[in-house]
1. Through the Karplus equation 6.51 cos²θ - 1.76 cosθ + 1.60, θ set to phi - 60°, convert the phi angles of the range 50-60 into ³J(HN,Hα) values in whole Hz; use x for Gly and Pro.
2. Can you pull the one-decimal nm distance between simple spin-label points at His83 and Thr68, each 7 Å off the Cα toward Cβ?
3. If R₀ is 25 angstrom, what is the calculated FRET efficiency for the pair Tyr58 and Ala37, using the beta carbon separation as r and rounding to 0.05?
Amino acid sequence: MKLFWLCVFTHWQSFVYNTAYFHSRMAHPPITIDAEAVMALRAMTPEQRLAKAFDRMYISRLLLFAATKRQHPDLSEEEVRQHIVKQILEQ
């Protein structure tokens with residue numbers, strides 16, 4: 001009986017380790033959303049949710065532009081945009 005539980009425990013450890021390893025190597029790890037955020041999104045109309053998505057997309061673009069500009073201060077705005085497009089297309 002002890003051997004059985006030792007095998008189960010060993011298998012469980014292996015599963016936990018491999019799952020953690022897999023998630024750490026994923027390009028996009030699983031996203032968790034808390035219950036309050038889900039309730040807030042469900043309370044919105046489709047138009048409000050779409051507007052919120054566009055707002056977040058705009059903010060993401062600004063942050064990406066700022067980060068790229070900080071990494072490459074010698075590039076002009078147009079060169080920064082071209083660099084970002086090149087990075088996105090290479091993925």
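1. Listing the rounded values in order: 5, 4, 4, 5, 5, 4, 5, 5, 4, 5, 4 Hz.
2. Here the answer is 0.9 nm between the modelled labels.
3. Result of the calculation: an efficiency of 0.80.
No lab work stands behind these numbers, since they all come straight from the coordinates. Every value quoted in this text rests on a predicted model; they were computed, and no experiment measured them. Using ideal geometry, Cβ is built from the backbone for each residue, glycine included, and neighbour counts are taken over all protein chains shown.
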